[in-house]
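K.L.:
Below you will find the structure I want to go over with you.
Read-outs throughout are calculated quantities, based only on the coordinates presented, and are distinct from any laboratory measurement. Since this is a predicted model, take the numbers as computed values, not measurements. Note: ideal-geometry Cβ built from the backbone for every residue, glycine included; neighbour counts use all protein chains shown.
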Amino acid sequence: MKMQNIWFIMKREFNGYFATPVAYVFIIIFLLLTGFSTFYVGNFFERGEADLYPFFSLHPWLYILLIPAISMRLWAEERKSGSIELLMTLPVSVFEAVLGKFFAAWAFTGLALLLNFPLWITVNYLGNPDNGVILASFLGSLLMAGGFLAIGSCISAITKNQVIAFVISLVISLIFVLAGFGIVIDFFAGWAPQTLVDVISSFSFLTHFDAISKGVIDLRDMLYFISLIAIWLFANALIVNARKAD
Amino acid sequence: MTLRIEIDDLAKYFGAIKAVDGVSFSVSKGEVLGFLGPNGAGKSTTMKMITGFLAPTRGTVRVCGYDVLKDPISVKAHLGYLPEGAPAYADMTPDSFLHFIAEIRGIKGADRKRAVASAAERARITNVMFQPIETLSKGYKRRVGLAQSILHNPPVLILDEPTDGLDPNQKHEVRTLINEMAEDKAIIISTHILEEVHALCTRNVVIANGKIRFDGTPQELESRSRYYNAVCVNVANIEQQAFETFLSSLDFVANVEQLSGSDGFRVYPTEGRQITAELSERIRSNGWDIDALHAEHGRLDEVFRSITLPNAESSK
């Protein structure tokens, strides 16, 4: 594995987002939605507390919708245009290519997330929040975004059609989030053994993100997202290898 | 002679379809191998296996001594590849695209700039370096692909239909470029433009239905034609009938045929010999004036058809 190759591929892919208006449209929509959810859904002002919990707690729901839009092009476009034949006959390994693309999408998401800094300024202006908690939540949210992106990148390798990649990624992301939702848990709790209920809810993004959004970084939660990313990206590489020439 | 590409019993099956079925050949430095065959014959599939994009069902490919299955990265580092249709990243400019390729190819620092400039120069794309590739014409896109493939000055070049979709001037430029590079590289070019056999290739492999049907020089390919070294001849001051009888009586003539549409005859030599000089001498010694006399080359389209269509010979 050559780090340089990952970096070169990441750089190309990251710039690719900005070659078209897609990046700007995405960032604007993302900022509008985070703003809307923080103030109207999260009741930022009414709560009367100097923190960004209303901002972070709704991220899983935003990511379900927005992350597939970032990840859908990663491999589907490459396969559709045939440039995958070019990429895969350059002296790079599949894993380098998968990681390079993933990190590009992740960096782009990180950038979009950072552009919410006016919220941070606002909360610091209005009160004295615990900035350590905010930083921890930020990193946690980014880690969760990586989980969504890994799913989306893997799904993107299955099809040449970006719309299909978007829809399937969205559904799978939804399943991963909903697994920890009260309704789903209650549905299983009525008849399934407690262990199964625990397993299902332990797979949920919500369960693992809840503590993070309050600024509590638990090693187990981090491990969950990191291994989730690793597994989906590994599957991603296998799929690219198997289907690149189709 | 240094062998650069060695292919042994290469095969690729897609389910029941045998796209490539036991192909073996090798290419040395200085050779330009023209890979001919009808569409769907297995040319592109073979090239995809050589470049490590497709895994073969069986057989081995070695490029500069590296096995494509055991060390694909080394194989890819030693070859330049222009895939069919010259795919590229459409939203990049040729400049940023070629810089990306140079980075991945491990070309560093000032060399990178030089390599990009030189490849752009040779592929003649310097005037479009800062336009998005998607806005370029087909010919320019093809040449961007070509620039990408020669950027790192690879010892082995695999070009899948490099002149497809180019106008005659552009074709000429691309052929000139390939001829310039031929000396110190091993090159495989797939094409179904038969004029390129002469313009480019030192050797031809004809493939049909996944199998090699011919492997030899362009001259050998031509000599397969029944027109090879045939002579068209006409004389002014003698009756056609008598002239035909005379021609048939010559010992180096195998067959005589009346030309359609005009006076004169096509004379087929025995065993493909060159008979032009001998024939003209015999005619003159009879005191006849030669109206027209020219030797024919082999007709490649006819050879191509007879090699690639199993029943062409009998249905003619």
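K.L.:
Under Stokes-Einstein, with the Kirkwood radius over Cα pairs standing in for Rh, what whole-number D in µm²/s applies to the range B:231-296 at 20 °C and 1.002 mPa s?
P.N.:
The estimated diffusion coefficient comes to 183 µm²/s.
K.L.:
Give the aspartates and glutamates whose C-alpha is closer than 14 Å to that of B:Lys70, dropping any in the same chain fewer than 8 places away, or say none.
P.N.:
none
K.L.:
Any chance you could list the semi-axes, whole Å, largest first, of the equivalent ellipsoid that the Cα gyration tensor gives for the range A:1-83, using √(5λ)?
P.N.:
Gyration-tensor ellipsoid for the range A:1-83: 34, 15, 11 Å.
K.L.:
Treat each spin label as a single point 7 Å out from the Cα along the C-beta direction, and report the B:Asn234 to A:Gln4 distance in nm.
P.N.:
About 6.8 nm separates the two model spin labels.
K.L.:
Next question, about the same structure. Using only the Cα atoms, work out Rg/Rh for the protein assembly as shown, with Rh taken as the Kirkwood radius, to two decimals.
P.N.:
1.18
K.L.:
Tell me, what is the Rg over Rh of chain A, with Rh the Kirkwood radius over Cα pairs?
P.N.:
Numbers: Rg = 18.8 Å, Rh = 18.9 Å.
Radius of gyration over Kirkwood radius for chain A works out to 0.99.
K.L.:
On a straight-distance basis, which aspartates and glutamates could pair with B:Lys48 in a cross-link, Cα separation under 14 angstrom, same-chain partners fewer than 8 positions away excluded?
P.N.:
A:Glu85, A:Asp246, B:Glu84, B:Asp160, B:Glu161
K.L.:
Helix-only mean residue ellipticity at 222 nm, chain A, DSSP H runs n ≥ 4 weighted -39,500 (n - 2.57), per residue, nearest 500. What is it?
P.N.:
Values: 15 runs with 193 residues, N = 246.
Taken over chain A, the calculation gives -25000 deg cm²/dmol.
K.L.:
Now for a separate question. Within the set of other residues whose C-beta is less than 14 Å from the C-beta of B:Lys113, count the net charge using Lys and Arg as +1 and Asp and Glu as -1.
P.N.:
Working: positive: B:Arg105, B:Lys108, B:Arg112, B:Arg114; negative: B:Asp95, B:Glu103, B:Asp111, B:Glu121.
Once positives and negatives cancel, what remains is 0.
K.L.:
Which angle from 0 to 90°, rounded to the nearest 10, does the C-alpha axis of helix A:22-36 make with the longest principal axis of chain A?
P.N.:
Once rounded, the angle reads 10 degrees.
K.L.:
Okay, next question. What spacing in nm lies between the two simple spin-label points modelled at A:Ile164 and B:Gln258, each 7 Å away from Cα in the Cβ direction?
P.N.:
Distance between label points: 6.3 nm.
K.L.:
Under 8 Å for C-alpha pairs, at least 6 residues apart: give me the relative contact order for chain B, rounded to a whole percent.
P.N.:
Dividing the mean separation by the residue count of chain B yields 19 percent.
K.L.:
Could you give the angle, 0 to 90 degrees to the nearest 10, between helix A:3-19's Cα long axis and the longest principal axis of the Cα atoms of chain A?
P.N.:
The angle comes out near 70 degrees.
K.L.:
If you don't mind, there's one more thing I want to ask. Quick one: Cα centre-to-centre distance for the range B:173-193 and the range B:226-271, in angstrom?
P.N.:
Centre-to-centre distance over Cα atoms comes out at 39 Å.
K.L.:
Between B:Asn179 and A:Ile28, what is the spin-label point distance in nm, taking each point 7 Å from the Cα along the Cα→C-beta axis?
P.N.:
Inter-label distance under the simple model: 5.5 nm.
K.L.:
Strictly over 24 Å apart at the Cα level, which of A:Lys2/A:Lys101; A:Lys101/B:Lys43; A:Lys2/B:Lys138 would you flag in this model?
P.N.:
A:Lys101/B:Lys43; A:Lys2/B:Lys138
K.L.:
Out of every Cα pair in chain B, what percent are spaced more than 32 Å from each other?
P.N.:
41
K.L.:
Go through B:Lys141/B:Lys211; B:Lys18/B:Lys171; A:Lys80/B:Lys12 and tell me which ones have a Cα-Cα distance over 27 Å in this structure. List each step's numbers first, then the result.
P.N.:
Working: B:Lys141/B:Lys211 32 Å; B:Lys18/B:Lys171 32 Å; A:Lys80/B:Lys12 23 Å.
Violating the 27 Å limit, Cα to Cα: B:Lys141/B:Lys211; B:Lys18/B:Lys171.
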